[in-house]
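Undergrad: Encoded as structure tokens, here's the structure I'll be asking about.
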Amino acid sequence: MFAQKVDAEMEHLRGGQTTLTEAEVHRVAKHFVDPEYKALSNQDAELAALDQQHPGFARWRTRNTLAHKKPGYVAVTLSLKPTGVAPGDITDKQLDAVADLAERYSFGQLRTSHEQNIILADVEQSQLFTLWGELREGGFATPNIGLLTDIICCPGGDFCSLANAKSIPIAESIQRRFDDLDYLFDIGELDLNISGCMNACGHHHVGHIGILGVDKKGEEFYQVSLGGSASRDASLGKILGPSFAQEAMPEVIGKLIDVYIEQRTEDERFIDTYQRIGIDLFKERVYAANH
């Protein structure tokens with residue numbers, strides 16, 4: 001129903017005053033000047049050799065770098081999600097270090113993402129290995145971008161007066177439960193988002209797994225939803241069932257992951273498995289002990 005309403009509104013707007021034309025795109029583009037890129041070639045062979053020699057570098061490059069439109073460059077994501085740190089948190093000293101990295105590796109520019117990480121958008125491939133070493137020293141090289149512990153999380157009840165429940169302790173407990181890179185890589189791509197109230201600052205409703213903090217007679221509980229997506233297959237998550245106490249959340253997530261691993265086909269992501277088998281098997285496993 002929601003998708004149908006969106007499609008109907010789009011048809012109503014199509015061709016109207018809000019239509020984005022090529023001419024408008026070109027007009028706006030003139031206000032943005034590209035950095036002074038060098039004429040480089042891709043370093044595929046050199047990077048592959050470094051991957052063989054340094055497995056940690058290979059893991060990091062797989063998860064934390066993105067292809068670039070210019071040959072010889074990549075975009076690098078600095079993970080602000082090491083275990084034990086509130087998602088997206090960064091200290092004043094780390095900010096100074098990131099500013100220095102941006103000056104030396106990315107034309108003095110960086111980006112912050114809604115996933116609560118930082119991106120150096122224009123890094124030369126030939127500098128990747130050196131940059132990786134500096135990121136490790138600064139605590140920015142956790143190779144978990146797009147994985148289960150790359151959690152989007154609002155400040156929650158610890159810092160926000162609007163929250164119904166704390167969010168950061170839930171994120172930390174899940175990070176500790178899945179603090180094994182081999183297991184994380186085996187699980188594969190998974191978006192887990194946490195909001196402390198219905199304002200949804202943590203985008204829980206579009207997480208493959210979404211967690212919403214709720215208040216029950218003055219006590220904090222957490223409602224879980226499955227199947228949300230903010231990608232091209234955009235969808236809102238479906239509520240799994242009754243909410244859970246804080247201490248139960250790591251085990252709840254563990255059971256959901258167990259079902260996924262048991263049911264997935266080769267190279268199938270969590271969201272793909274969910275869309276194929278539906279919510280019932282997940283619900284049965286999670287609530288089995290309560291019946």
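A short reminder: the numbers here are calculations on the coordinates, not readings from a lab. Source: prediction; values computed, not measured. Cβ: placed from backbone, ideal geometry, glycine included. Neighbour counts: every protein chain shown.
Undergrad: Could you point to the label whose value was computed as P(r) over Cα pairs in 10 Å bins from 0, in percent for the structure here, given (1) 6, 24, 29, 25, 14, 2, 0; (2) 6, 30, 39, 22, 3, 0; (3) 7, 28, 32, 18, 7, 4, 3, 1, 0, 0?
TA: (1)
Undergrad: Sticking with this one: Could you tell me which of the pairs Lys93/Lys217; Lys166/Lys238; Lys81/Lys216; Lys30/Lys238; Lys93/Lys166; Lys69/Lys238 are separated by over 32 angstrom between their Cα atoms in the structure shown?
TA: With Cα atoms farther than 32 Å apart: Lys93/Lys217; Lys30/Lys238; Lys69/Lys238.
Undergrad: May I ask for the angle, rounded to the nearest 10°, between helix 249-263 and the longest principal axis of the chain, with both axes built from Cα atoms and the value confined to 0 to 90°?
TA: Approximately 80 degrees, to the nearest ten.
Undergrad: Using a basic spin-label model with each label point 7 Å from the Cα along Cα→Cβ, how many nm lie between Glu251 and Tyr183?
TA: 1.5 nm
Undergrad: Among Leu20, Ser195, Gly213, flag the residue with its Cα farthest along the positive direction of the charge dipole of the chain, charges on Cβ as +1 for Lys/Arg and -1 for Asp/Glu.
TA: Checked the options; the winner is Leu20.
Undergrad: Here is a further query. Would you list Val286, Val85 from fewest to most Cβ contacts within 10 Å?
TA: Val85, Val286
Undergrad: Mean residue ellipticity at 222 nm from the helices of the chain, using -39,500 (n - 2.57) per DSSP H segment of n ≥ 4 over the full residue count, to the nearest 500 deg cm²/dmol?
TA: Dividing the helical sum by the residues of the chain leaves -11500 deg cm²/dmol.
Undergrad: As a footprinting exposure proxy, order Met10, Met249, Met198, Met1 by other Cβ within 10 Å, with the fewest listed first.
TA: Fewest to most other Cβ atoms nearby, the residues stand as Met1, Met10, Met198, Met249.
Undergrad: For helix 128-138, report the angle its Cα long axis makes with the longest principal axis of the Cα atoms of the chain; keep it between 0 and 90° and round to the nearest 10°.
TA: Between the helix axis and the principal axis of the chain, the angle is about 50 degrees.
Undergrad: Let me ask you something else. Which residue, Ile261, Ile170, Ile152, tops the fluctuation ranking in a GNM of the chain built on C-alpha contacts under 10 Å?
TA: Greatest mean-square fluctuation among the candidates belongs to Ile261.
Undergrad: Treating the beta-carbon of each Lys and Arg as +1 and of each Asp and Glu as -1, no other charges, what is the dipole magnitude of segment 91-137 about its Cα centre, to the nearest 20 debye?
TA: About 80 debye.
Undergrad: Another one. I'd like the isolated cysteines in the chain, meaning no second cysteine's beta-carbon lies under 4.7 angstrom from theirs.
TA: Cys153, Cys160, Cys197, each lacking another Cys Cβ under 4.7 Å.
Undergrad: Could you work out which residue, out of Ser195, Ser235, Ser41, moves most in a Gaussian network model of the chain, that is, has the largest mean-square fluctuation with Cα springs under 10 Å?
TA: Of Ser195, Ser235, Ser41, the most mobile in the Gaussian network model is Ser41.
Undergrad: Ok, one more. Stretched out fully, how many nm does the piece from His12 to Lys238 gain, at 0.36 nm a residue minus the Cα gap?
TA: 78.5 nm
Undergrad: Where does helix 55-64 land angle-wise versus the long Cα axis of the chain, in degrees 0 to 90, nearest 10?
TA: Roughly 80 degrees between the two axes.
Undergrad: So for Phe32, Phe159, Phe129, fewest C-beta neighbours within 10 Å to most, what's the order?
TA: Phe32, Phe159, Phe129
Undergrad: Rounded, prolate or oblate: which one fits segment 152-290, using the alpha carbon gyration tensor with axes a ≥ b ≥ c (rounded when a/c is under 1.5, else prolate when a/b beats b/c, else oblate)?
TA: prolate
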